[in-house]
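What follows is one structure encoded as structure tokens, with my remarks underneath.
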Amino acid sequence: MSLSLFSCLPTEPQAIMQAESSAQAGLTLPATMSYAQLSSLLASPDSPVLLLDVRTAEEYAAGHIPGAVLAPYDALAATFTEADKNRPIVLYCRSGNRSGIAMRTLRSMGYANLSDFGGIPNWKGGLEQ
């Protein structure tokens with residue numbers, strides 16, 4: 001199983017990728033993130049942030065932060081394939097333990113712009129199912 005982060009292919013992928021890289025280059029994430037910081041980032045329609053829910057598929061189905069992508073922490077090393085190692089990535093789980101493990105895993109894979117939101121109870125907004 002691998003994660004696909006793009007649901008459609010643009011007609012000019014190189015131009016799109018250059019624009020995305022430019023937008024992402026200016027955003028450096030803090031090591032940990034508050035609800036106010038994350039909700040502000042996610043509210044922006046052109047936000048480059050990739051929000052990863054590193055819980056199980058069952059936990060994700062029961063309710064996840066809107067816009068989150070399921071990426072179970074114990075499968076990241078084998079399945080995560082984001083091409084841009086500097087893309088801003090925010091991780092969360094149930095309590096903060098698995099998101100910390102996932103953050104260390106991604107860092108060991110060369111990803112540099114990571115932030116740990118901790119546990120889903122930190123999210124004060126609604127959840128998607």
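No lab work stands behind these numbers, since they all come straight from the coordinates. Quick caveat: nothing in here was measured; it's all calculated off a predicted structure. Neighbour counts are summed over all protein chains in view; Cβ atoms, including those assigned to glycine, are modelled from backbone coordinates with ideal geometry.
Sort out which residues of region 68-103 are among the basic types (Lys, Arg), surrounded by 13 or more Cβ atoms within 10 Å (Cβ to Cβ) and more than 25 Å from Ala43 (Cβ to Cβ), and write them in order of number.
If the condition is that a residue be among the basic types (Lys, Arg), surrounded by 13 or more Cβ atoms within 10 Å (Cβ to Cβ) and more than 25 Å from Ala43 (Cβ to Cβ), then Arg98 is the only one that fits.
Scan Ala112, Ala36, Ala57, Ala31 and give me the residue that is under 13 Å from the mean Cα position of the chain (by Cα), on the phi < 0 side of the Ramachandran plot and either of a type in the set (Val, Ile, Thr) or surrounded by fewer than 20 Cβ atoms within 10 Å (Cβ to Cβ) (or both). It would help to see each step written out before you state the result.
Working: Ala36 fails: under 13 Å from the mean Cα position of the chain (by Cα); Ala57 fails: under 13 Å from the mean Cα position of the chain (by Cα); Ala31 fails: under 13 Å from the mean Cα position of the chain (by Cα).
The unique qualifying residue is Ala112.
Taking the residues in region 108-129 that are touching a Leu at 6+ places or on another chain (Cβ under 8 Å) and not aliphatic (A, V, I, L, M) as candidates, determine which candidate is nearest to Gly26 (Cα to Cα).
Of everything passing the filter in region 108-129, Asn113 is nearest to Gly26 (Cα to Cα).
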